[in-house]
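The values are calculated or read from the model by the stated rules, or taken from the named source; none is laboratory data. Everything numeric in this text was worked out from a predicted model, so none of it was measured. Cβ placement follows ideal geometry from the backbone for every residue including glycine, while neighbour counts extend to all protein chains displayed.
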């Protein structure tokens, strides 16, 4: 049996319904910041229980624009985690600021106990990452930020509808950035991102910032560039936003199936702690396993498209050479990168496919 990691061919098998919506945009010529963008922004903000959302070109733009509009730039430092997708650190670096890493905890999230040791006179902000769709420990992070007068921007790229203590991610920081990448829980047909905020002042600035700083067609308020959410992509998002709760609940159910199935294999498989106060939405299902590379090889041979998120921590990437980090600086993160594996968890998995993944993982360990 083949079990795909991507589900896009299933999700968009009935493509004509989407094309009908796109034809309406073409007929009206409503292409740049068309009406679909504003409709989506209102729906997205309402879905999270927040007042403002701004559609931008990518999830990376959502983070970078947030930092820049908050005044982060050359000479500043932003604390984040070494265990994340490159866009987190890339967004910081592209503002001219310096990413400062801290180690992670057993949930693969920023270890809040290590943040204060990383603060220097140049520190301006903290960027926690809700990795895998699991909320970071925002209450503690906000307390640290308040004590030291720091800005918080949430990297919520993988965490649409995730929550902590009944609050949606994106509710804590000055802003939060979300991604609409094709493999996210709320996805589109290319790149797209969203910034959310509770601040009307930041909202008004961000709307200009994503569109050349243009207040009107002829009036430029400040220098900026173009990183608008494409209207065609907003059309897709407006159709799929109605399904995102169902998509998320199915991913949660699939993850629970895996958790239960591996509960008696603790000598070989470490499932991260599941905090009942957190709503984890499982953009990815990541576990730590014994003999990871051999398991990876076994599952791929059996037709199961597993992945590793991520095999090389950011502080050991070539791009980070100038930051001065070395092997051993973040031992928890480095150990995790050697042992983590990602199983398919998407909403289109069938019962037979989930059972097959479970059977093959269990077979690998029970015959050892």
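Restricting to the range 44-62, name every residue that is surrounded by fewer than 15 Cβ atoms within 10 Å (Cβ to Cβ) and at negative phi.
The first filter runs over the range 44-62 and keeps only residues surrounded by fewer than 15 Cβ atoms within 10 Å (Cβ to Cβ), leaving 46, 49, 51.
Those that are surrounded by fewer than 15 Cβ atoms within 10 Å (Cβ to Cβ) and at negative phi: 46, 51.
Determine whether residue 251 is within 25 Å of residue 10 (Cα to Cα), outside the structural domain of residue 35 (by TED's automatic domain parsing) and either assigned to a strand (DSSP E or B) or touching a helix residue (DSSP H, G or I) at 6+ places or on another chain (Cβ under 9 Å) (or both).
Details: within 25 Å of residue 10 (Cα to Cα): yes; outside the structural domain of residue 35 (by TED's automatic domain parsing): yes; either assigned to a strand (DSSP E or B) or touching a helix residue (DSSP H, G or I) at 6+ places or on another chain (Cβ under 9 Å) (or both): yes.
Yes, satisfied.
State whether the residues of the range 307-326 include one that is more than 25 Å from residue 157 (Cβ to Cβ), free of Cβ contacts under 8 Å to residues at least 24 places away in the same chain and not in a helix (DSSP H, G or I).
Checked the range 307-326: at least one residue is more than 25 Å from residue 157 (Cβ to Cβ), free of Cβ contacts under 8 Å to residues at least 24 places away in the same chain and not in a helix (DSSP H, G or I).
Would you be able to tell me the number of residues in the range 266-279 that are touching a strand residue (DSSP E or B) at 6+ places or on another chain (Cβ under 9 Å) and part of a loop (DSSP other than H, G, I, E, B)? Talk me through it step by step, then tell me what you get.
Of the range 266-279, the ones touching a strand residue (DSSP E or B) at 6+ places or on another chain (Cβ under 9 Å) are 268-272, 275, 277-279.
If we keep only those that are part of a loop (DSSP other than H, G, I, E, B) as well, we get 268, 271-272, 275, 277.
Adding up the residues that qualify gives 5.
Answer yes or no as to whether residue 298 is assigned to a helix (DSSP H, G or I) and either surrounded by 13 or more Cβ atoms within 10 Å (Cβ to Cβ) or on the phi < 0 side of the Ramachandran plot (or both).
On the way: assigned to a helix (DSSP H, G or I): yes; either surrounded by 13 or more Cβ atoms within 10 Å (Cβ to Cβ) or on the phi < 0 side of the Ramachandran plot (or both): yes.
In short, yes.
Quick check: is even one residue across the range 263-277 touching a residue at least 12 places away in the same chain (Cβ under 8 Å) and within 21 Å of residue 48 (Cα to Cα)?
Our first condition is that a residue be touching a residue at least 12 places away in the same chain (Cβ under 8 Å); within the range 263-277, this holds for 265, 267-275, 277.
If we keep only those that are within 21 Å of residue 48 (Cα to Cα) as well, we get 275, 277.
Looking through the range 263-277, at least one residue is touching a residue at least 12 places away in the same chain (Cβ under 8 Å) and within 21 Å of residue 48 (Cα to Cα).
Just to be sure, is residue 249 loosely packed, with under 14 Cβ neighbours inside 10 Å, without any contact (Cβ under 8 Å) to a residue 24 or more places away in the chain, under 20 Å from the mean Cα position of the chain (by Cα) and more than 18 Å from residue 45 (Cβ to Cβ)? I'd like the intermediate steps shown before the answer.
On the way: loosely packed, with under 14 Cβ neighbours inside 10 Å: yes; without any contact (Cβ under 8 Å) to a residue 24 or more places away in the chain: yes; under 20 Å from the mean Cα position of the chain (by Cα): yes; more than 18 Å from residue 45 (Cβ to Cβ): yes.
Considered against the rule, which asks whether it is loosely packed, with under 14 Cβ neighbours inside 10 Å, without any contact (Cβ under 8 Å) to a residue 24 or more places away in the chain, under 20 Å from the mean Cα position of the chain (by Cα) and more than 18 Å from residue 45 (Cβ to Cβ), residue 249 comes out as yes.
Each row is one residue, and each column tells you yes or no for (1) within 18 Å of the chain's Cα centre (by Cα); (2) modelled with pLDDT of 95 or more.
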{"site": "15", "(1), (2)": "no, no"}
{"site": "20", "(1), (2)": "no, no"}
{"site": "38", "(1), (2)": "no, yes"}
{"site": "57", "(1), (2)": "yes, yes"}
{"site": "89", "(1), (2)": "yes, yes"}
{"site": "98", "(1), (2)": "no, yes"}
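Report those helices (runs of 4 or more DSSP H) wholly inside the range 1-65 carrying at least 1 residues which are in contact (Cβ under 8 Å) with a residue 60 or more places away in the chain and under 30 Å from residue 89 (Cβ atoms).
On the way: elements: 8-11, 16-28, 35-48.
Qualifying helices (runs of 4 or more DSSP H): 8-11, 35-48.
Hey, does the range 184-198 have a residue that's under 22 Å from the mean Cα position of the chain (by Cα), surrounded by fewer than 22 Cβ atoms within 10 Å (Cβ to Cβ) and under 15 Å from residue 69 (Cα atoms)?
yes
With respect to the numbered conditions (1) modelled with pLDDT of 95 or more; (2) over 30 Å from residue 175 (Cα atoms), which one is the sole condition not fulfilled by residue 24?
(1) is the only condition that residue 24 fails.
Go over the candidates 105, 2 one by one and state the one that is surrounded by 15 or more Cβ atoms within 10 Å (Cβ to Cβ) and either on the phi > 0 side of the Ramachandran plot or modelled with pLDDT of 95 or more (or both). Show your work before the answer.
Working: 2 fails: surrounded by 15 or more Cβ atoms within 10 Å (Cβ to Cβ).
Only one candidate qualifies: 105.
Mind listing just one residue for me: the one in the range 352-365 that is surrounded by fewer than 18 Cβ atoms within 10 Å (Cβ to Cβ) and touching a residue at least 40 places away in the same chain (Cβ under 8 Å) and, of those, farthest from residue 3 (Cα to Cα)? Steps first, please.
Initially, the range 352-365 is screened for residues surrounded by fewer than 18 Cβ atoms within 10 Å (Cβ to Cβ), giving 352, 355, 358-359, 362-363, 365.
Narrowing further to those that are touching a residue at least 40 places away in the same chain (Cβ under 8 Å): 352, 358, 362, 365.
Values: 352: 10, 358: 12, 362: 16, 365: 20 Å.
The selected residue is 365.
Here's a check for you: in the range 280-295, which residue that is part of a loop (DSSP other than H, G, I, E, B) and crowded, with 19+ Cβ neighbours inside 10 Å is nearest to the chain's Cα centre (by Cα)? Please lay out each step first, then the result.
Our first condition is that a residue be part of a loop (DSSP other than H, G, I, E, B); within the range 280-295, this holds for 280-284, 290-291.
Still in the list and also crowded, with 19+ Cβ neighbours inside 10 Å: 280-284.
Values: 280: 12, 281: 11, 282: 10, 283: 8, 284: 10 Å.
Among them, the one singled out is 283.
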